[in-house]
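The values are calculated or read from the model by the stated rules, or taken from the named source; none is laboratory data. Keep in mind it's a predicted model, so treat the numbers as computed, not measured. Please note: Cβ atoms are built from the backbone with ideal geometry, for glycine as well, and neighbour counts cover all protein chains shown. Heavy atoms of the whole protein, side chains included, go into the accessibility calculation; ligands, DNA and RNA do not. Shrake-Rupley method; radii C 1.70, N 1.55, O 1.52, S 1.80 Å.
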Amino acid sequence: MRDKRVMVIGLDCLAPQFVLDRWLDQLPNIKSLLGKSVYGPLKSCVPPITVPAWACMTTSKNPGTLGIYGFRNRFDHSYDGLSIASSKAIKEDRVWDILSQAGKKVIVIGVPQTYPPKPVNGYMITSFLTPDTTCQYTYPPEFKEEVEGLVGEYILDVDNFRTEDKDYLLKQVYDMTQKRFKVVKHLLNSKPWDFFMMVEMGPDRLHHGFWKYADPEHRKYEPGSPYENAILDYYKYLDQEVGEILALTDDSTITMIVSDHGAQAMEGGVCINEWLMQEGYLTLLEKPPGIVSLAKAKIDWSKTVCWGEGGYYSRIFFNVKGREPQGIVSPHNYEEVRSEIARKLEAMCDEKGNPLGTKVFKPEDVYPDPKGIPPELIVYFGNLKWRSVGSIGYGTILTFENDIGPDDANHYQYGVCIIHDPLAPESSLPGPRDDLDILDISPTILDRMGMKVPDGMEGKVIGGNKPKDSESPFSDDEEEKVKQRLKDLGYID
């Protein structure tokens, strides 16, 4: 019998409440897998964000071990020392590196944090964090010609999912996904492989652009909208594509369908720096003329305790004496002040005076050995039902309009995991599970392929017995392109 192969179908932000519950009966190909599958919600990392979540999944290391806490991370203690977490930020072997070193043939498509591409024993196409398609986005380099000969201009990501032009957004997402799956099917048919992994960003873009039309509980729900079934129709289309690639595999192939996190309705935004100013922790030299990003605000660092970053969650950094250039927080008082701010954040209320349900994490409480420069506090406003707005100039703490365009959804702590083994023995106990963790995926891949799981991996085998580089890999021009993309996507201010 042939050695087992593993195919991982990664669908960014795929929502467990849709796939495993509400719409399962309308997804026949995915439903057909569940009979001999281990499946359930997949607990993501802290924070449950595309970067670092896919890196956590493919290394079986937590964000603290990786030293990656978001799309951009501090590389020094200056006030603007942030750089984009590219493939070079990941110092740990990813699962395809381990397999490549063992002589296994691998194909990797669209997995975040793969640009610039590194050599593999096979083929790689990088992810949406590639500056654009003029860059070298494949390994080997000549593989780029084959990709473009097949689909024309390859689509790394949609131009802008925060748009009111919903028809244009739908067209972009479908065009992107169709091209990605065309390449996938071509490679499955034409290249040798033992391990195949792809990630499609379409679900994430649809959720952010169309959630209010699909969720009657959403604050901005629009009943009877022509886009009411936009997300469902796309899920049905994905199910069709999944069926087509399943038809290209055999009984030696274990199929995994995974997502890095899920999604939920977004209630609104919390202007973290407005709140810090109101509470006396952040001071400006002068009031801005309008709404400006934190980087463009004139901050009086000699009177500022801390500042916050915007995004789907918030990171708060402290201005510590002897560490930051104009630090004022005494190391003696650091913990007292940090705990005080955490308590106040957790006590915040919504516009009706009801508790938001905010969760605040200290990095040492969630990461055994945080590397690099972690934030002092990680904040889930409303347990991720509210996003963090880092810009200054609103004059209010709560906002219901997104400063960078319409966005209906925030992230959810749980994604999806389905592991289908056509030849699994009855003793493997397929069925629903509630203990699946994002760190479990790589150990399980290696175990299913008959490989020893490295001692340093932090996850368990599912179904078994129960510092950031300061040197940017981007040129100045590339750095600006990716920075602008991250701003457009709302991951940074």
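For the chain, the spread of Cα coordinates along the three principal axes comes to 70, 52, 47 Å, biggest extent given first. Taking the centroid of alpha carbons for each part, region 317-392 and region 43-107 are 22 Å apart.
Placing a pseudo-label 7 Å from each Cα along the Cα-to-Cβ vector at Ala247 and Glu164 gives an inter-label distance of 4.3 nm. With a Förster radius of 41 Å applied to the beta-carbon distance between Lys182 and Asp365, the computed FRET efficiency rounds to 0.35. Taking amide H atoms as placed 1.01 Å from N in the peptide plane, the amide H of Val8 lies under 5 Å from those of Phe196, Met197, Met198, Met256, each 5 or more residues away in sequence or on another chain. Between region 162-189 and region 270-291, the C-alpha centres lie 40 angstrom from each other. The slack in the chain from Asp3 to Ser302, taken as 0.36 nm per residue of separation less the alpha-carbon distance, amounts to 101.3 nm.
Within the chain, antiparallel bridges make up roughly 55 percent of the DSSP beta bridges whose residues both belong there. Counting charges near Glu222 (Lys, Arg +1; Asp, Glu -1) among other residues having Cβ under 12 Å from its Cβ returns a value of +1. Take the chain with all the other protein chains still there, run a 1.4 Å probe, and you get 38 Å² of accessible area per residue. My understanding is that a pair violates if its Cα-Cα distance is over 31 Å; which of Lys296/Lys321; Lys220/Lys460; Lys91/Lys236 do that in this structure? Cα-Cα > 31 Å for Lys220/Lys460; Lys91/Lys236; rest within.
In this structure, the amide hydrogen of Asp407, modeled 1.01 Å from its nitrogen in the peptide plane, lies closer than 5 angstrom to those of Asn402, counting only residues at least 5 positions away or on a different chain. Extending 7 Å from the Cα toward the beta-carbon at both Glu145 and Glu401 defines two label points whose distance is 5.2 nm. Ranked by the mean number of other Cβ atoms within 10 Å of their residues, highest first, the peptides 83-92, 61-70 come out as 61-70, 83-92.
In the structure shown, the pairs Lys36/Lys191; Lys105/Lys144; Lys61/Lys88; Lys61/Lys118; Lys4/Lys191 are assessed against 21 Å; a Cα-Cα span above that value is assigned to Lys36/Lys191. Ligands, DNA and RNA left out, the accessible area of the chain computed with a 1.4 Å probe is 48% carbon and sulfur. Considering helices alone, the calculated mean residue ellipticity of the chain at 222 nm is -8500 deg cm²/dmol, with DSSP H runs of length four and up weighted by -39500 (n - 2.57) and normalised per residue.
Multiplying each eigenvalue of the alpha-carbon gyration tensor of region 73-215 by 5 and taking the square root yields semi-axes of 26, 23, 14 Å, largest first, rounded to whole angstroms.
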